[in-house]
1. Six or more apart or on different chains, Cβ atoms under 9 Å: show the pairs whose first residue is in the stretch 59-73 and touching a residue at least 12 places away in the same chain (Cβ under 8 Å) and whose second is basic (Lys, Arg).
2. Could you check the stretch 129-217 for helices (runs of 4 or more DSSP H) lying wholly inside it with 1 or more residues that are more than 22 Å from TYR81 (Cβ to Cβ), touching a Phe, Trp or Tyr at 6+ places or on another chain (Cβ under 6 Å) and among the aliphatic types (A, V, I, L, M)?
3. Does the stretch 184-217 hold any residues that are surrounded by fewer than 17 Cβ atoms within 10 Å (Cβ to Cβ) and among the hydroxyl-bearing types (Ser, Thr, Tyr), and which are they?
4. Identify the residue in the stretch 148-183 that is polar (S, T, N, Q) and under 16 Å from GLN31 (Cα atoms) and, among all such residues, is surrounded by the most Cβ atoms within 10 Å (Cβ to Cβ).
5. Taking the options LYS84, LYS48, LYS80, name whichever one is among the basic types (Lys, Arg), assigned by TED's automatic domain parsing to the domain that holds MET173 and at pLDDT below 85.
6. Does any residue in the stretch 146-172 that is basic (Lys, Arg) come within less than 6 Å, Cβ to Cβ, of a residue that is crowded, with 19+ Cβ neighbours inside 10 Å six or more places away or on a different chain, and which pairs are these?
Amino acid sequence: MRGRIDAGEKQWDNAFIFKVVCTLATSGFLQGYDTMSAALISLVLADKDTYHGPYIGFFISLGAGGAAVGALFSGPIADKYGRKRIIMLSNVLYLMGGLCMTIKLKPLELDSNIMQAFLLTGRYLTGVSIGVTSMNVPLYISEICPLELRGRVIAIYTCMIVTGQLVCNMLAMLLLLDVNWRYLVLFSMIFVVFQFVAMFSMPESPRWLAMNGRQEEADKVIKRVYKSAFYEIYTTSLRKEI
């Protein structure tokens, strides 16, 4: 077993780290995209007779309120059930919210109050989802990425927030937004489905596994993250920390 780590020598599996970045940076993209799409949609709704001023304010505030609830209560849930599961749960919540916002109820001959309720419910659920990911994705990154890469991966995650806002604005320019605003939400759901599917092949946080007495599983995750020459060093280090 190697007793020390040479400075500048790459200890991690590049292919695995690339997969982590692609999967988790999606959450940053969705966070920025969702914020901008809500603002754009509110402008469209404000021009419609069905949606009056207070309703628009409530629509916007529900997203922020949902995010606060998601961030506040997801921590204990993640501690009990794991980082991976809570991120996947956030994907499900976003999909549910997106469906509520995009479904067209006029063919069902339901009144405008029910349509407004669906829209508000969808906005709240997507807000909760964003709150969950904003709290737990950086935590998951810090526990699964090598120390030398954590800052870079977090920086990519943060940059993707602005990228999501930019893409949303560009897409809005291409659409007839007053008619096709639902497509803004539908487009974001593509990335949610991608992340949900990708998370099945992602491991649980090795630190969370070790803290819950599942050291053998934690060792297997570390073996995926680091090259074989460094495997024993990091498994020993994790045991000492826990």
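The values are calculated or read from the model by the stated rules, or taken from the named source; none is laboratory data. Fair warning: this is a prediction, and the values are worked out from it, not measured in the lab. All Cβ positions, even for glycine, are placed from backbone atoms using ideal geometry, and neighbour counts span all protein chains on display.
1. PHE59/ARG123; ILE60/ARG123; LEU62/ARG123; GLY63/ARG123; GLY66/ARG123
2. 147-174
3. SER201 - this is the single residue of the stretch 184-217 that is surrounded by fewer than 17 Cβ atoms within 10 Å (Cβ to Cβ) and among the hydroxyl-bearing types (Ser, Thr, Tyr).
4. GLN165
5. Result of the check over LYS84, LYS48, LYS80: LYS48.
6. Pairs found: none.
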